[in-house]
Structure formats: structure tokens, C-alpha cells
Amino acid sequence: MLAVSSWQVAYTGRTARAAVMPHEGVNAADATMIAQVAIGAYRQQMPPGGIVHGIVTSGGEAADVIPGRTTADYDCRAETADALRTLQDRIRAGFETGALATGAELTPDTVGNDYADLRQDAAMTELYRNAVSDLGRTVEPHDASMRAGAAQPPSRPAAQPPSRPGRGSRRAARRPPTGRGGGNVADGTCRRGGRHGRGGRG
């Protein structure tokens, strides 16, 4: 998994009526736009494996009012923690460019902690693969061309009303776990640990 960090960025400017006194305003939306252009221009020189993506979460209240405040959420990902720090410096410079060009005040806040890259133990992975295969489950081989991002918490499914089980559901309940069943995963983990432990005691 890639190293990752998250930002919440805010620009604070000054609102003004766009049709009456636009020169009195400091356009926070322009600051956000300039930062996005600066970050986009950096992508060509971004280190291999670097990923930056973000969204504008608020950008003004009305078309005829110069926005006095805008906010955005951004994520940075890189193949190593060192590469992530280099990426963060350049992305921060892009945010600062928006503030410098418009006179808006920049508030870049990091969200939580930075996470280093996660590297799987190949030997332990193979032990797990063999143990789960013994239970009849097929484990797909790892695709090295796929880059994994930071794990995101799954959304909670909507609550479903309880239903009365029918004959088919009772038969299904008696079937052994297959495919993605949690029982196979737990059994595979236990078997892996048992084999590894016995091997260690040799």
C-alpha cells in the first residue's frame, strides 16, 4: 500500500458585490483555482508513483458575490514515506501560490497522521495462501502492476428489517462456508500460525 497523507485547505479572502465594488474583494475562489493549476502543472515532474487528487468542498455562496472563503480536501500518495514528504512540499507550494497571487489567507491543515507505505511479508503471504488453499478457497495471485491506495473504511449498509427465514434460507445456513466466507479466512490464519509456530520450534 502507498504512503498517504490528507489535507483540508481553506482560503480566506474578503467578500464584495461583484457588480458594484469588485475591487474591494479578495477572491478566495481564485486562490483555489490558481492552486489547482499549479498542482496540475507539477504533475509532469511528479516522481513516479506519486498521486495527488482533491475536490473543492465549498466555493462561494452566490454568483454576484466574490467568495470570501473556499475549502478543499486533498490526498497525496507516494510509493515511500520519503517520496511522500517530497510530494507534500511541492503540493504545499502550490497552495501557497494561490494565496500569494490573490492576497487570500491560506490555512492548510493535515487530517490525522501521515501513513508510511505498507509492504507485505512475502513468506507469510505464501504460508497463508497455502493454508487457505487447503480449505478449498482460491486465492488470486497478486498483480504487481496494480498500485494499492490507502484503505478506506467501508460504508455501513442500510439497516434491513428482519425477515422470517424460509426453507431455502435454512438449507443455506447449513452449507459450509465457501468463497469469501469469514470462516475460511480465520481457519487459514490459524493454520498459518500453527505451521509457522511448529516450524519455528523445529
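If you take the residues in the stretch 53-82 that are out of contact with any strand residue (DSSP E or B) (no Cβ under 7 Å at 6 or more places or on another chain) and aliphatic (A, V, I, L, M), which one is surrounded by the fewest Cβ atoms within 10 Å (Cβ to Cβ)?
This residue is Ala63.
Could you check the stretch 58-116 and list, in sequence order, the residues that are out of contact with any Pro (no Cβ under 9 Å at 6 or more places or on another chain), part of a loop (DSSP other than H, G, I, E, B) and over 15 Å from Asp30 (Cα atoms)?
If the condition is that a residue be out of contact with any Pro (no Cβ under 9 Å at 6 or more places or on another chain), part of a loop (DSSP other than H, G, I, E, B) and over 15 Å from Asp30 (Cα atoms), then Thr80, Val111, Gly112, Asn113, Asp114, Ala116 are the ones that fit.
State which residue is modelled with the lowest pLDDT when the search covers only the stretch 10-44 and only residues that are closer than 30 Å to Arg119 by Cβ and of a type outside the set (D, E, K, R). Step through it out loud before you land on a result.
Initial filter on the stretch 10-44 (closer than 30 Å to Arg119 by Cβ): 39, 42-44.
Of the ones still in play, those that are also of a type outside the set (D, E, K, R) are 39, 42, 44.
Numbers: Ile39: 96, Tyr42: 94, Gln44: 90.
Among those that are closer than 30 Å to Arg119 by Cβ and of a type outside the set (D, E, K, R), it is Gln44.
Within the stretch 37-52, can you find the residues that are surrounded by 11 or more Cβ atoms within 10 Å (Cβ to Cβ) and either free of Cβ contacts under 8 Å to residues at least 12 places away in the same chain or over 16 Å from Thr102 (Cβ atoms) (or both)?
Of the residues in the stretch 37-52, the ones surrounded by 11 or more Cβ atoms within 10 Å (Cβ to Cβ) are 37-42, 46-47, 49-52.
Within the stretch 37-52, Val37, Gly40, Ala41, Tyr42, Met46, Pro47, Gly49, Gly50, Ile51, Val52 meet the criteria.
Take Asp114 and tell me if it is modelled with pLDDT under 95 and over 27 Å from Ile34 (Cβ atoms). Give the steps one after another, and end with the answer.
On the way: modelled with pLDDT under 95: yes; over 27 Å from Ile34 (Cβ atoms): no.
So Asp114 fails the test.
Could you grab me the full set of residues in the stretch 65-76 that are out of contact with any His (no Cβ under 9 Å at 6 or more places or on another chain) and either more than 17 Å from Thr15 (Cβ to Cβ) or outside the structural domain of Gly54 (by TED's automatic domain parsing) (or both)? First the steps, then the outcome.
The initial filter retains those residues of the stretch 65-76 that are out of contact with any His (no Cβ under 9 Å at 6 or more places or on another chain), namely 65-73.
Hits for the stretch 65-76 are Ala72, Asp73.
Between residues in the stretch 77-94 that are in the same structural domain as Val9 (by TED's automatic domain parsing) and residues that are surrounded by fewer than 20 Cβ atoms within 10 Å (Cβ to Cβ) and assigned to a helix (DSSP H, G or I), which pairs lie under 7 Å by C-beta distance while being six or more apart or on different chains?
Here the result reads Arg90/Tyr42; Gly94/Ala38; Gly94/Tyr42, each pair linking the stretch 77-94 to a residue that is surrounded by fewer than 20 Cβ atoms within 10 Å (Cβ to Cβ) and assigned to a helix (DSSP H, G or I).
Working only within the stretch 1-36, note down all residues that are touching a residue at least 60 places away in the same chain (Cβ under 8 Å) and part of a strand (DSSP E or B).
Residues satisfying the conditions are Ala3, Val4, Ser5, Ser6, Trp7, Gln8, Val9, Ala10, Tyr11, Thr12, Val26.
The values are calculated or read from the model by the stated rules, or taken from the named source; none is laboratory data. Everything numeric in this text was worked out from a predicted model, so none of it was measured. Because the Cβ atoms are built from the backbone with ideal geometry, glycine has one as well, and the counts that use them run over all protein chains shown.
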